[in-house]
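To start, the structure under review is shown below, and the notes come after it.
The values are calculated or read from the model by the stated rules, or taken from the named source; none is laboratory data. Just so you know, these numbers come straight off a predicted model, no measurement behind them. All Cβ positions, even for glycine, are placed from backbone atoms using ideal geometry, and neighbour counts span all protein chains on display.
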Ligand code: DC
C-alpha cells in the first residue's frame, strides 16, 4: 500500500517488565491499529540460531546468524502466535534458553539491519501501527507520531515477570532482567535508551487502564 499520508506510528520502548507488551496490545485495540512485538522477532531469530547449534560467543558466526535472520520466514499474528518457517514457536521463544541468549543475538548488526527493515515494511503495509521494543523511537521510527518510554522499578518489573510464567524465583528473574538491561543498554548498535522527544511513563504505580488512557490522550494531542 502506498499513500502520501505520513505513517501513524506509535513507538513504545522500555526495559523488560516495564509493561510494553500489555500496554502496546491494549493501546492498539483502543486505537483500532495493529500491534508488533519486535522483541518476539529477536527471540524468533535466537530460537532459529540455537536450533542450528551455533556458538554465539564466537563472533566468526555472526555472518551465519545474519544469514539465518535474512532467510527465515517469520510469522507474527495479532493473537501473539509466532511461527518460524511455518512452525509454531510461541512458547519456545519465551523459554529460559532463548531469553538467556536473545541479547547476544540482538547485538549483531546484520540481525538488527534485517529486522529493522522488516519492521519498517510491516508498518508501511498498514499505514502505521503500534510497535514495541528497545529502539523503535531511536532507530526504527525516530519520526513516529508519538514516542513513549516506559519504565518501572526493578522490583516491580521482576514481580511482573514472575507472575507471567516461570519456574524461576523472583530473585533469579531480577538477576536475569538486570543482566539483559545491561547488555541491551550498553551494546554498540542502537542500545536501549529514551528517544529524543519521547514521553516517559513510570508504570510502577499505575494500572494498565491508567497507562493506556494516559498514552491515548497523548496520541490524540499528537494527531
Ligand atoms: O521485549 P523482549 O524481552 O521480548 O525482548 C527480547 C530481547 O530482544 C531484548 O532483551 C533485546 C532485544 N530487542 C532489541 O534489541 N530491540 C528491539 N526492538 C526489541 C527487542
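Here's a check for you: in the stretch 160-178, which residue that is touching a residue at least 40 places away in the same chain (Cβ under 8 Å) and either under 18 Å from residue 23 (Cα atoms) or more than 16 Å from the chain's Cα centre (by Cα) (or both) is farthest from the ligand (Cβ to nearest atom)?
Initially, the stretch 160-178 is screened for residues touching a residue at least 40 places away in the same chain (Cβ under 8 Å), giving 160-161, 165, 168, 176-177.
In the following step, the residues that additionally are either under 18 Å from residue 23 (Cα atoms) or more than 16 Å from the chain's Cα centre (by Cα) (or both) were identified as 160-161, 165, 168, 176.
Numbers: 160: 12, 161: 9, 165: 12, 168: 15, 176: 10 Å.
If we take residues in the stretch 160-178 being touching a residue at least 40 places away in the same chain (Cβ under 8 Å) and either under 18 Å from residue 23 (Cα atoms) or more than 16 Å from the chain's Cα centre (by Cα) (or both), then 168 is farthest from the ligand (Cβ to nearest atom).
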Residues of the stretch 76-110 that turn out to be within 14 Å of the chain's Cα centre (by Cα) and touching a residue at least 60 places away in the same chain (Cβ under 8 Å), as a count: 7
For the stretch 7-51, how many residues meet the condition of being over 15 Å from the mean Cα position of the chain (by Cα) and within 18 Å of residue 139 (Cβ to Cβ)? 1
Please indicate, with yes or no, whether at least one residue in the stretch 63-74 is under 18 Å from residue 20 (Cα atoms) and either at pLDDT below 95 or within 16 Å of the ligand (Cβ to nearest atom) (or both). no
Among helices (runs of 4 or more DSSP H) entirely within the stretch 95-207, at least 2 residues that are surrounded by fewer than 15 Cβ atoms within 10 Å (Cβ to Cβ) and out of contact with any helix residue (DSSP H, G or I) (no Cβ under 9 Å at 6 or more places or on another chain) occur in 109-126, 170-186
Segments classed as helices (runs of 4 or more DSSP H), wholly inside the stretch 1-79, with at least 2 members that are within 28 Å of residue 204 (Cβ to Cβ): 20-31, 38-51
Failed condition for residue 29, given (1) at pLDDT below 95; (2) away from the ligand (no atom under 13 Å from the Cβ), with all others met? (1)
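Being out of contact with any strand residue (DSSP E or B) (no Cβ under 9 Å at 6 or more places or on another chain), at pLDDT 95 or above and within 15 Å of the ligand (Cβ to nearest atom) narrows it down to one of 9, 82, 87, 49, so name that one. I'd like the intermediate steps shown before the answer.
Working: 9 fails: out of contact with any strand residue (DSSP E or B) (no Cβ under 9 Å at 6 or more places or on another chain); 82 fails: out of contact with any strand residue (DSSP E or B) (no Cβ under 9 Å at 6 or more places or on another chain); 87 fails: within 15 Å of the ligand (Cβ to nearest atom).
Answer to the check: 49.
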Mind checking whether some residue in the stretch 112-130 is in contact with a strand residue (DSSP E or B) (Cβ under 8 Å, 6 or more places away or on another chain), within 12 Å of the ligand (Cβ to nearest atom) and at negative phi? yes
